Structures are given as C-alpha cells and as structure tokens.
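Read through the structure below, which is laid out as structure tokens, and then see the notes.
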Ligand code: ADP
Ligand code: ZN
C-alpha cells in the first residue's frame, strides 16, 4: 500500500513540553493568533487542537511559538490534541502567504485547509457497500442503476445513503439488493489508503516531439526543487500524455502529485486515463465527491495513503505530506478563479504552494493566459511546446463565414453556408457541433406593446428565458419566475417576445433545419446531476448524436472522435464590451472549441460566423498566429499600463442600504493616504456595472499599482481605516478577472 511510502510524521509529536506558550490559529473570525499553554503530554507545531475561547471549545491549529502579548498568568491551556494528521510547516507557510497575497484574514484561509467533514472524529469502523456475486432474480431500472454505480469504480467506498444518492434511488432499493445478495454490506475502517499507482507501467509510445518534452519534464521533476513549466500545445497534441510522464516521475521519486481540472465533468474521463496509465484510480477531490470520500482523501493525503489527487481548485489546500508536482490543466480557464468567499486564483496559488513545497508546476493549455505567456517570455517559467497532433491527425481548417453576405431570416442563427457544411458532414455519418456561449432560450424578453424588458426583482439584470423550464431565470441570483403571459409592466397579453439567441433556441432551429439528425444539447443547466451530464458526454463520444449543440461546456477538453465540424454561431459575442480580457477570452474560447474538431483520423473543419471578419482577433483565430496574437495583446496591455505589467485590485462594496454603500465608498476615497504612499492610482467609487445583486447594492473601486509596489500591505492599511456597520460588506479582489 502507498501508506508504506511514508512512515514518519513530519514533526514528531510532543516536541513542545506541557506548559510552553504556543500560538494557536483558530477558524474563528478573529484577526489574530492567540496564545495558549501546551497541554498535558505536550504538542507540536501543526497539531490540530481544541482550545477554550470564552465559554466555548473551538478547533484550531498550533501555528508556532506564542506571541507573548498576553499576561502569562491569564493564559489558558489547550484542551487536547485532536486525533488527526497535523498541518505541516509547508502548508502553514503557504496559508500564511496566500492570506497575505489575497488580503484575506488568516482564519478564513485556514478554513479552506480544514474543509473536510469529521476531521476530529476518532478513527472508527462504518458500514460500507460493495458489489456482491449474486445477480438479483428481479432486475429493475433502479436496481440496475445501483449496480452500475458500484461496477463503475470498485475502489470507491459508499455508505448506504451515499450509494442511494449517487444512483438516484431510495435507500430501500439498495436494502433490497443487500437482501438479495447482489450488494454486500460490511464493516470497514473509515479511511482506507487508495490503491497503489504503478508509475513503472508503460505509457503510450510517444512521438519524437512528445518524448523530447517529456524527457525534459521528467528531468526537472527528478532534480527536485521548485520550477514552473508552461506546457503549450494545440488541442489533441498529447499534453495530457506528456504531463502524465512528469506525474510518473514524481510518483517514482516517492512524492505526491496533484492534477487540477477546470471542470468536474472532465474528471470521469481523466480517472479512466490514469487507471490505464498507472493501473489504478487516484483520489478525487471536488464538490461532487461524497463526504466519506472527502474525509478519506484529506486524511490519506496527509498520511501518505494517496499518491495522486485529481481535483478542483480547492484541492490546493489539502495537507499533502510531500507534494512534488502540481498540474494545472487548461490553465487559462476562468473557473480557476474563485469568485466568492475567499477570492483567489488557483493557478497563481499553485505556483505559490509549489515554492513552499519545493515542487514542480505544469501549466498546460492550448491557449495560455496572457499572464503565463508573459512569464514564459521573460524566463520566469520554462516553456515547452507541442505543435502537432500525433500521427495523421491534422489541426482543423479554420474559415470565417461573413454574416453580412448571408441571407438570414428573422429568428435564424444558422447561416446557409454553415447549414450546408453540416448537411455534408451528416451525410458522411460524422458529427457536427454548433457552439453558442449563451445558456437559456433567449437573452432578452421584451414586450412588443410597451418595450419593457423583464428584469430580475433582486438584481439589476435582465431575466433570461429558459423554455425548457418554462420560466425566466436570473443568471446572477438564480431567481426564476413563470414565463409571463401578460407584460408585467403594461399588462398587455400575448406580446412578450424572445430577442436574440440562446442555446435552447439554437437547438430548436437545428431541429427544424435537420429534422432527421439526432441532437444532443450540452448546457450546464439542462442536467440535474453531474452523473447525468457525464452520461450525456459519454453517449456523444460513443456516436449517439449527430449534432451537438453546446455552450462553453463543450469547449473544455472533451474528446469526441467522430466530430469533424465545429460551427461557431457568434464569434463576435465576446468582442463586445470593454472588458480588459475580451480579446484574450474570445481568442481562447473559439480556438478551444474549434480544437474539438478532427481529433481522430478524419480531418476537422471549423466555421466561424462573424460580422467582422477583418477584426484583428478574428484574423488571429483564423490564421492560427498565436505568437503574433499574444505579442500584440501584450504590447497593448503594456501601453495601457494594465496587467500583467501592472497590478490591479478590485474593491467591491455591498449592502442593502444604497446610501450607506456609497458613503463607505466616499470614506475609502477620502482615506486613500496609504495608496498614495505607494504611488497607486484609485479609480471610483462608482456604481458597479451590475448595481444590485440579490437585493444588495454594489459599488466598486479599482486600485492600480506598479508590480514592485507593496500593494497588499497598503490595501490592508487602507481598508483597515473604515469600519463596516450593519450589513455592509467589503471584498478585495487581487488580480480581478471580472469587473461586473
Ligand atoms: P491534449 O491533452 O493536448 O488535448 P491528449 O494527451 O489528450 O492531448 O491526446 C489526445 C489524444 O491523442 C488522446 O486520445 C491520446 O490518447 C492520443 N495520443 C496522444 N499522444 C499519442 C501517442 N503518442 N500515440 C498515440 N496516441 C496518442
Ligand atoms: Zn437576480
């Protein structure tokens, strides 16, 4: 078992004798580390402990030596050291730095690292379920689903409730199977090590170009120490295959590896791939994982019983025993930025953690973020490039469809040229993808009698029609209302009209245009569960659809072998608006989605509908001149004094009372001294572009500083001067990605 790899605790227990003053960080919202005396039997830095706080007992972590700022005779004793793996020095240092970088209170950062249920419970046995040998006499749909879930991954451990939930059946269905002997219930230790991965198993035979890159990455990994590699390669060029070589080297060295994926829907395929490569499945960490598995993952990562974790951004805060490699796949993806609670960018935090862990980072992407591209240009990151797909697989041929020259009917979004190309693919028995990055039926619902657009009652946004649900929905707060018959404003009936296309409307058009084709619509809100979405994706990959109609969900990493044509319905969509990253995002998204075409032997083609075929971004997409695009983008950012050449921080104020929010903004503007002292510029306060979300009014400020200025310290000092009364909230967003 992998647990044998590590038989030593990072710090021997009891190194601090009873009575010694130590600093304890709790998860309570206090802005300081508190002094306590070590308990009977002593304690060690990193130990999870329980301490008295006022009349309560709260959990905390021994953070280091005491501060000595509290009268010695009043110091209280730690109640007890909890029976859980300690947080190592590396993780504690990372949490401290991450908190400082994101201007987040330490306790909030610590909470990210302790986000596993029942951590402090004593080890125990519990009932788990696994597949039995008997086939039940009576088979029903629900019974079959339970067995399928168990067969899908024999290593996963389920409790009764978890198995029922995963299979979407009632507990009595599972109990029936237990009675029939088809499912076996047995007692097991709660936290078992994961099955051992074997890095010496052979991978695919690499092409010369792949082997070259893999060799250097293996060497860097074997050398130990920190380093970041930007692994850039067109979609399908074998980036995953190559970084699995770095993972293999990491595991061979006896260290642990973490692979971050931007989307839970991608984990299924990835786990299978790891199993093919290393003979077993790795640990999983994301919101779709059961509580039992989360706890197991946390503990095993700490104890060395997990060699590889595949997860979402929050996996960065797991207590790895000896982390040697972090892969950030699709590193440009916007979902790496956590946009609520603690605001952090997992890509940047991965690099930070790797510094402390003396680990390697691999940032993989076909279309890296401008930040990473610049870091590679300046030599901060190594750069590796895979410029071709292996074997006979060609990059898709890219062409624009000039929409000004197409004969379009009202309410039509598929041009005659695109329709013709789709027909041609269908005739060959191949798949076509129609891509539109807009959920719902139509972005705007307007009354033709009075011109009213239906808005959200809680937010300053328009409601989006979801015809599938027969409701209007707010994409900010999730509020829905039934589709109104009469205009909510003027009361006239039968005049509510959908304006503009959404994915559901496009699906309707495709149904009318290609009535004989089998269609699959891929949009995050059309699937009730992660499992349903996974199944839909697997069905498409198996060829059970002819036309795929999808949002950006399909742009991310899926492999559809029969797909040979991608039609981008509106390439201009992302170019509107004044967002700093509009060009970069459009370029990434359209190149990514186009890359879905022709991933096996059949050649692929991407057709891009645009009203501005001469636009520089569209031209860069078509020509594939990526270096040219990034160089031009970088020059523009530099000329405009924008990131990554300067540093931004967004300040978002919100509250239910609009004047209080604006008063707070004015108070901050008046107290800008600390910003002036580091030569930073302050923009705002101004009403946010979305001035109200969930009934809270919003005001934004933006700070811009030179890269070398001590921005975080100045921000902390600056905002520390104001107090937040009532329900006012202040959030600091370092390196903001969104400005709404
Ligand atoms: P990327 O991560 O760059 O999109 P992948 O590593 O997923 O690329 O590879 C794309 C497809 O090509 C996968 O199905 C993979 O198994 C296959 N592939 C990659 N390299 C090779 C190779 N050297 N020999 C055979 N197949 C390969
Ligand atoms: Zn809303």
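Write down the Kirkwood hydrodynamic radius of the stretch 216-259, to one decimal in angstroms, obtained as one divided by the mean of 1/r over all alpha carbon pairs.
That comes to 11.0 Å for the stretch 216-259.
If you average the C-alpha positions of the stretch 693-740 and of the stretch 608-641 separately, how far apart do those two centres end up, in angstrom?
Answer, in whole Å: 31.
Which order do the peptides 84-96, 447-459 take when ranked by the mean count of other beta-carbon atoms within 10 Å per residue, highest first?
Values: 84-96: 21.2, 447-459: 16.5.
Ranked by mean Cβ neighbours within 10 Å, highest first: 84-96, 447-459.
How long, wide and thick is the stretch 125-189, going by the Cα atoms along their three principal axes, in whole angstroms, largest first?
Here the spans come out as 32, 21, 21 Å, largest first.
Could you work out how far apart the two model spin labels at residue 717 and residue 480 are, taking each label as a point 7 Å from the Cα in the direction of the beta carbon, and quote it in nm?
5.1 nm
To the nearest 500 deg cm²/dmol, what mean residue ellipticity at 222 nm is calculated for the chain from DSSP H runs of n ≥ 4 alone, each contributing -39,500 (n - 2.57), summed and divided by the residues?
Mean residue ellipticity, 222 nm, calculated: -9000 deg cm²/dmol.
Going by a ≥ b ≥ c, the root eigenvalues of the Cα gyration tensor, does the stretch 3-113 fall in the rounded group (a/c under 1.5), the prolate group (a/b larger than b/c) or the oblate group?
Since a/c reaches 1.5 but b/c is at least a/b, the shape of the stretch 3-113 is classed as oblate.
Could you give the radius of gyration (one decimal) and Dmax (whole number) of the Cα atoms in the stretch 503-613, in Å?
14.5, 43
Pop out the Kirkwood hydrodynamic radius of the stretch 586-666 from its pairwise C-alpha distances, inverse of mean 1/r, in Å to one decimal. Each step should come with its number before you reach the end.
Numbers: mean 1/r = 0.0606 Å⁻¹.
Over the stretch 586-666, the inverse of the mean reciprocal pair distance is 16.5 Å.
Restricting things to alpha carbons, find the Rg to Rh ratio for the stretch 646-734 using the Kirkwood radius for Rh.
Result for the stretch 646-734 is an Rg/Rh of 0.97.
What FRET efficiency would be calculated for the residue pair residue 511, residue 135, taking the C-beta separation as r and a Förster radius of 56 Å, to the nearest 0.05?
0.90
Determine one quarter of the surface area of the Cα convex hull of the stretch 327-388, which equals its mean projected area, and express it in nm² to one decimal.
With the hull built on Cα positions only, its mean projection is 4.7 nm².
On full extension of the chain, what length is gained from residue 187 through residue 28, given 0.36 nm per residue of separation minus the C-alpha to C-alpha distance?
Using 0.36 nm per residue and subtracting the Cα-Cα distance, I get 53.7 nm.
Taking the Cα centre of each part, how many Å lie between the stretch 137-183 and the stretch 530-554?
After rounding, the separation between the Cα centres reads 25 Å.
Given bins 10 angstrom wide, list per bin the percent of all Cα-Cα distances in the stretch 29-92, short to long.
21, 56, 22, 1
Please work out the Kirkwood hydrodynamic radius for the stretch 152-203, using every pair of different C-alpha atoms, and report it in angstroms with one decimal place.
On the way: mean 1/r = 0.0755 Å⁻¹.
Result for the stretch 152-203, one decimal place: 13.2 Å.
Specify whether the C-alpha gyration tensor of the stretch 545-704 places it in the rounded, prolate or oblate class, a ≥ b ≥ c being the square roots of the eigenvalues: rounded for a/c under 1.5, otherwise prolate if a/b is larger than b/c and oblate if not.
prolate
Quick one: compute a quarter of the convex hull surface over the Cα atoms of the stretch 409-536 and quote it in nm².
9.2 nm²
Using alpha-carbon pairs under 8 Å, 6+ residues apart, how would you state the relative contact order of the stretch 209-333 in percent?
On the way: 159 pairs, mean separation 39.3, N = 125.
Relative CO of the stretch 209-333 lands at 31 percent.
Equivalent-ellipsoid semi-axes (√(5λ), Cα gyration tensor) for the chain, whole Å, largest first?
Output for the chain: semi-axes of 42, 35, 29 Å.
If you average the sequence gap of Cα pairs under 8 Å that are 6 or more apart and divide by the length of the chain, what percent do you get for the contact order?
Taking the mean separation of contacting Cα pairs over the length of the chain, I get 11 percent.
Go through 632-639, 344-351, 275-282 and give me the packing order, highest mean Cβ count within 10 Å leading.
The packing order, highest mean first, is 344-351, 275-282, 632-639.
If you take every DSSP beta bridge whose two residues both sit in the chain, what share of them, in percent to the nearest 5, is antiparallel?
55 percent
Please state the shape class of the stretch 208-386: rounded when a/c is under 1.5, otherwise prolate if a/b exceeds b/c and oblate if not, all from the C-alpha gyration tensor.
The shape class here is rounded.
For a footprinting-style exposure proxy, rank 504, 151, 371, 544 by other Cβ within 10 Å, fewest first.
Neighbour counts put them in this order, fewest first: 151, 544, 371, 504.
Ordered by packing density, taken as the mean number of other Cβ atoms within 10 Å over each peptide's residues, highest first, how do 559-572, 197-210, 618-631 rank?
Taking the mean over residues of other Cβ atoms within 10 Å, the ranking is 559-572, 618-631, 197-210.
All of the numbers you see were taken from the coordinates with simple rules; none came from a lab. Worth saying up front: this structure is predicted, and the values here are computed from it rather than measured. Ideal geometry is used to build each Cβ from the backbone, glycine not excepted, and the neighbour counts take in all protein chains shown.
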